[in-house]
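Student: Got a structure for you, questions after.
The values are calculated or read from the model by the stated rules, or taken from the named source; none is laboratory data. As the structure is a computational prediction, the values presented were derived from the model and not from experiment. Cβ: placed from backbone, ideal geometry, glycine included. Neighbour counts: every protein chain shown.
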Amino acid sequence: MSIPCKPPSWFSTRRLFEQNLQDLHNYTNLSHIKQLQAQIIKQNLHQHLSIAPKLISAFSRCRQITLALNVFNQIQNPNVHLYNTLIRAYVQNSQPTQAFSFFFEMQWNGILANTLTYPFLLKACNRLQMMEMIHTQIEKNGFLGDIFVPNALIDNYSRFGGLGIKAALRLFTVMEHRDVVSWNSMIGGLTKVGELREARKLFDEMPEKSMITWNTVLNGYVKAGEMEEAFQLFESMPQRNIVSWSTLVMGYSKAGDMDMARVLFDKMPVKTLVPWTIIISGYVEKGFTKEAIELYDRMERNGFELDDATVTSILAACAESGSLAMGLKVHDSIERLQFRCSVAVCNTLVNMYAKCGSLDKAWSVFNGMSKRDVVSWNVMLQGFAMHGHGREALCVFERMRKEGFKPDRVTFIGVLCACSHAGFIDDGIQGFYAMEKDYGIVPEIEHYGCMIDLLARGERLKEAFMLVNTMPFEPNAVIWGTLLGACRLHGGTELSEKVLDHFKLDRTDPGNYSMLSNIFAAAGDWDGVATVRLQMKSVGVQKPSGASSIEIDNEVHEFTVFDRSHPNFDSIYGMVHRLAQDLKRVAHPKDATLPVEVGELVI
């Protein structure tokens, strides 16, 4: 009888090392990768052409591109596989210039590209001209015959809008052989740029459609808001998966048809966290807080655990709709379940509280964050700014700088907005000019808009007008509207007429006409009001209905101009009328020219 012998310890260690080498390209823990690299160097395998690419890939996934390059530089005679791996690493780490640099070095060293080189390189193209240059080289070197390469061309052309899609379509048309990836890439590119007719035409011509094909076209219809066509396509699908159902639920939610979204949601054979997130966020966005809370509780009872995507999506919807009750519900779950909040989740939580008007809670969450990024500071700063707490906003800005965070363009929009709302004119002017001088941030049109608003609120209308005329951009309707609004507020009728001489009135924007009409009305120039109203009628422009909302007892009530659908309409608008009269007496005791149009007042 033979007795099995136990293998020596060195043999087990060797087997484990070999297994680790095989799995190296899947490693994501940097310390483990470094430990394995030390073993590789110890056994003199670091120049092995089959091991080096795995190390490069592993370091690339950990965003350690310098360590990946060090591995490459240790190889005396790198081959095309090694160059391809390094090119892909630079593309994955958003360094397209370096990717091209090593591609050119490879050519200079006489190493020929293969069918894997170009798909990696195409992802590094950030301009259509670069795509066309690589396309020409691919064709010249005879790689279009490999289906993998033209498929990559079609997919990457789709990133460059209409012109890119035209180039992709030309290539697709002349391809001798197409597989399901070719069709899906082309159809997906067309839907991405809104060419749904052409996408549907190819879809109907496609010999064998995959589930991805059906879902791509379905998603195209949903994004375009064409829900009737989306539903018809959904009904004709031979099979449906979780993506199909979730896409249609999302479409009806975005369209505001929560009844249809709920019907589809309830009919889903299998539900994951994604459709739960979609339907709850939809209810929150549309103001149905009670329904959102009910579904949220059901989701938790069904054993679904929160993840970052769910939390950020629902909190973003709360911020958009002003639903504080739902936001509090999510925050309670985070604390109760001891959910590990990422920086992104905490930022969304701060933003939600700030936009719902609960600055104390926003400040509490912000101060409780163990880690912050620039977005964290921007969200808190803008929260104070939007509610008129200019001094607190500027204190956040100073603290941000002291803690070593570099302000960005969004930071200065918040700073200027805070100064504008709080009346800190000198601080705002100083901040505006410090942007470029101290931080190298060139002011954009949003920053100029904040500055014009700042000066206008401070009744420095002439300076604001001069800034409009000297800014390095063509003023848009928002800029002119800000200046015209200030003229209305401060009685700058003469200046408003100067503005009109420069103002290229957007004849499709009723807000511009409305603003101009209000300026003349405030000045008592009723002939001017009549002229503007006639102009509106002559070009067929109507003023859009204003809207506002308020949350009471977990229910969001929305009001629009001339809306009589609310059950308590009489008492609500009776109170509005009384408040309007009181406001008129307090704000303009001597001005009888201000009309009170109750129908146009929105709560």
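Student: Residues that are more than 23 Å from Thr312 (Cα to Cα): which helices (runs of 4 or more DSSP H) entirely in region 367-452 hold 2 or more of them? Outline the logic, then answer.
Tutor: Values: elements: 374-386, 390-402, 409-422, 425-439.
In region 367-452, 390-402, 409-422, 425-439 are the helices (runs of 4 or more DSSP H) which contain 2 or more residues that are more than 23 Å from Thr312 (Cα to Cα).
Student: Please verify whether region 166-178 includes one or more residues that are of a type outside the set (Gly, Ala, Ser), surrounded by 18 or more Cβ atoms within 10 Å (Cβ to Cβ), over 21 Å from Asn151 (Cα atoms) and in contact (Cβ under 8 Å) with a residue 12 or more places away in the chain.
Tutor: No; the residues of region 166-178 include none that is of a type outside the set (Gly, Ala, Ser), surrounded by 18 or more Cβ atoms within 10 Å (Cβ to Cβ), over 21 Å from Asn151 (Cα atoms) and in contact (Cβ under 8 Å) with a residue 12 or more places away in the chain.
Student: Right, next: Return only the number of the condition from (1) under 23 Å from Ser50 (Cβ atoms); (2) among the charged types (D, E, K, R); (3) surrounded by 15 or more Cβ atoms within 10 Å (Cβ to Cβ) that Lys123 does not satisfy.
Tutor: Condition not satisfied by Lys123: (1).
Let's see how each residue does on (1) basic (Lys, Arg); (2) surrounded by fewer than 19 Cβ atoms within 10 Å (Cβ to Cβ):
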| position | (1), (2) |
| --- | --- |
| Gly287 | no, no |
| Lys290 | yes, yes |
| Glu294 | no, yes |
| Asp297 | no, yes |
| Arg301 | yes, yes |
| Glu305 | no, yes |
| Ile314 | no, no |
| Ala319 | no, no |
| Leu324 | no, no |
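Student: When the residues of region 431-477 are filtered to those that are among the aliphatic types (A, V, I, L, M) and surrounded by fewer than 14 Cβ atoms within 10 Å (Cβ to Cβ), which remaining residue is nearest to Arg401 (Cα to Cα)?
Tutor: From region 431-477, those among the aliphatic types (A, V, I, L, M) are 434-435, 441-442, 445, 451-452, 454-456, 461, 464, 466-468, 471, 477; that's our starting set.
Now narrow it down to the ones that are surrounded by fewer than 14 Cβ atoms within 10 Å (Cβ to Cβ): 442, 466.
Working: Val442: 19, Met466: 32 Å.
The residue in question is Val442.
Rundown of residues vs (1) modelled with pLDDT of 80 or more; (2) within 21 Å of Gln535 (Cβ to Cβ), yes/no style:
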site	(1), (2)
Glu459	yes, no
Leu467	yes, no
Ala477	no, yes
Ala486	no, no
Val499	no, yes
Leu505	no, yes
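Student: Now for a separate question. Tell me, which helices (runs of 4 or more DSSP H) wholly within region 302-359 include 1 or more residues that are farther than 20 Å from Ser376 by Cβ and either of a type in the set (D, E, K, R) or in contact (Cβ under 8 Å) with a residue 40 or more places away in the chain (or both)? Before the answer, list the steps.
Tutor: Details: elements: 308-321, 324-336, 343-355.
In region 302-359, the matching helices (runs of 4 or more DSSP H) lie at 308-321, 324-336.
Student: What are the pairs with Cβ atoms under 8 angstrom where one residue, in region 463-488, is free of Cβ contacts under 8 Å to residues at least 12 places away in the same chain and over 14 Å from His447 (Cα atoms) and the other, located anywhere, is of a type in the set (A, V, I, L, M) and crowded, with 20+ Cβ neighbours inside 10 Å? Sequence gap at least six, or different chains.
Tutor: Final answer for the pair search is Glu463/Leu455.
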